[in-house]
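Enquirer: Starting off with a structure, shown below.
The values are calculated or read from the model by the stated rules, or taken from the named source; none is laboratory data. Keep in mind that this is a model prediction, so the values were computed, not measured. Reconstructed Cβ throughout: ideal geometry from the backbone, glycine too, with neighbour counts over all protein chains shown.
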Amino acid sequence: MKLRLKVFRYDPATGKEGYDTFELRCEEGMTFLSALQKIKEEMDPTLTFRHFCRAGICGTCTVYINSFPKLACREQVLPYALTGKEVVLEPLDKFPVIKDLAVDHDSVILKLKEFRSWIQDFKGDVRIPPEISLRVEKAADCILCSACQSYCPQVLEEDYAGPLIFAKIYRFLEDPRETCKDIRLTDAVREGRLYHCLSCNKCNNVCPKEVEPATLIRELMTYIRGDGEENS
């Protein structure tokens, strides 16, 4: 069975962009990452893409497959090959393209620093109850793949933090070791523009780890109302 891939190409040296089409045999168990590696090894060594763990844990290999963000290392090619249609691979939307399918994630890293995405002023030995651990675990499952950030229409607003960042903020609000919850709430509302969320659930639909950022955003809003904070 043949698989036709139409792959986005961008050369930073010339500024030229377009698409190249590759045809390869679909093998049992082949993922899109395997297909990209096969193209690079046997057809075009200049093809550029990101990958690392190859186990759906690092989030590095996220690309658009037919306009939908997916982990290339987890997405199987067989269902696509069975349709007989050409499959389009593109880099993540809303991120600067470095080369071909590789994009610059610095904007997410800078936002994580801006919102201080780590436990602050932790002191002492704090036991986390099982029920709290389950709530923290859901948000902590985020692998920073940026699928949600890329697919969210509201991140076009420059000051909007985005679903990935809000999921991180929720994770620390639930953690009993966190001592700066009021500051996090203020940052989420004022600096992150929490209430600018469109509630479209697109981030929920694309998260490969089922973190459900949109659900956590609504939980954040409920948390704020419960604390008597003003909406903004």
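Enquirer: Filtering region 165-192 down to residues that are in a loop (DSSP other than H, G, I, E, B) and under 27 Å from T60 (Cα atoms), which residue is nearest to the chain's Cα centre (by Cα)? If you could, list the steps in order and put the result at the bottom.
Expert: We begin by selecting, within region 165-192, every residue in a loop (DSSP other than H, G, I, E, B); these are 175-180, 192.
Still in the list and also under 27 Å from T60 (Cα atoms): 175, 192.
Details: D175: 22, G192: 17 Å.
If we take residues in region 165-192 being in a loop (DSSP other than H, G, I, E, B) and under 27 Å from T60 (Cα atoms), then G192 is nearest to the chain's Cα centre (by Cα).
Enquirer: May I ask you to verify whether P91 is surrounded by fewer than 17 Cβ atoms within 10 Å (Cβ to Cβ) and not assigned by TED's automatic domain parsing to the domain that holds Y170? Reasoning before the result, please.
Expert: Details: surrounded by fewer than 17 Cβ atoms within 10 Å (Cβ to Cβ): no; not assigned by TED's automatic domain parsing to the domain that holds Y170: yes.
Taking the combined requirement at face value, the residue does not satisfy it.
Enquirer: Of the numbered conditions (1) in a loop (DSSP other than H, G, I, E, B); (2) over 14 Å from P213 (Cβ atoms); (3) not assigned by TED's automatic domain parsing to the domain that holds D20, K113 fails exactly one; give the number of that condition.
Expert: All conditions pass for K113, except number (1).
Enquirer: Taking region 52-80 as the search range and keeping residues that are modelled with pLDDT of 95 or more and small (G, A, S), which one is nearest to V206 (Cα to Cα)?
Expert: Among them, the one singled out is S67.
Enquirer: While we're on this one: Among the residues of region 21-35, is there at least one that is under 27 Å from F172 (Cα atoms) and modelled with pLDDT of 95 or more?
Expert: Our first condition is that a residue be under 27 Å from F172 (Cα atoms); within region 21-35, this holds for none.
Checked against the condition, which is being under 27 Å from F172 (Cα atoms) and modelled with pLDDT of 95 or more, region 21-35 yields no hits at all.
Enquirer: Would you confirm whether any residue within region 199-222 is touching a strand residue (DSSP E or B) at 6+ places or on another chain (Cβ under 7 Å), in the same structural domain as V126 (by TED's automatic domain parsing) and not polar (S, T, N, Q)? First the steps, then the outcome.
Expert: Taking region 199-222 and keeping what is touching a strand residue (DSSP E or B) at 6+ places or on another chain (Cβ under 7 Å), we get 206, 208.
In the following step, the residues that additionally are in the same structural domain as V126 (by TED's automatic domain parsing) were identified as 206, 208.
Now restrict to residues that are not polar (S, T, N, Q): 206, 208.
The answer is yes; a qualifying residue exists.
Enquirer: Another question, then. Can you list residue pairs whose Cβ atoms sit under 7 Å apart, with the first residue in region 202-226 being more than 23 Å from I57 (Cβ to Cβ) and the second being of a type in the set (V, I, T) and surrounded by 23 or more Cβ atoms within 10 Å (Cβ to Cβ)? Count only pairs 6 or more apart in sequence or on different chains.
Expert: L220/I169
Enquirer: Just to check your reading of the model, which residue among E131, E158 is under 30 Å from F49 (Cα atoms) and without any contact (Cβ under 8 Å) to a residue 12 or more places away in the chain? Explain how you work it out, then say what you get.
Expert: Details: E131 fails: under 30 Å from F49 (Cα atoms).
So the residue among E131, E158 that is under 30 Å from F49 (Cα atoms) and without any contact (Cβ under 8 Å) to a residue 12 or more places away in the chain is E158.
Enquirer: Residues to consider are Q149, Q120; find the one that is outside any loop (DSSP other than H, G, I, E, B) and either within 12 Å of the chain's Cα centre (by Cα) or of a type outside the set (S, T, Y) (or both).
Expert: Working: Q120 fails: outside any loop (DSSP other than H, G, I, E, B).
Just a single option satisfies the conditions, and that option is Q149.
Enquirer: Assuming D187 fulfils every condition listed in (1) touching a residue at least 24 places away in the same chain (Cβ under 8 Å); (2) over 18 Å from I217 (Cα atoms); (3) not basic (K, R) apart from one, which condition is it?
Expert: Here D187 clears every test but (2).
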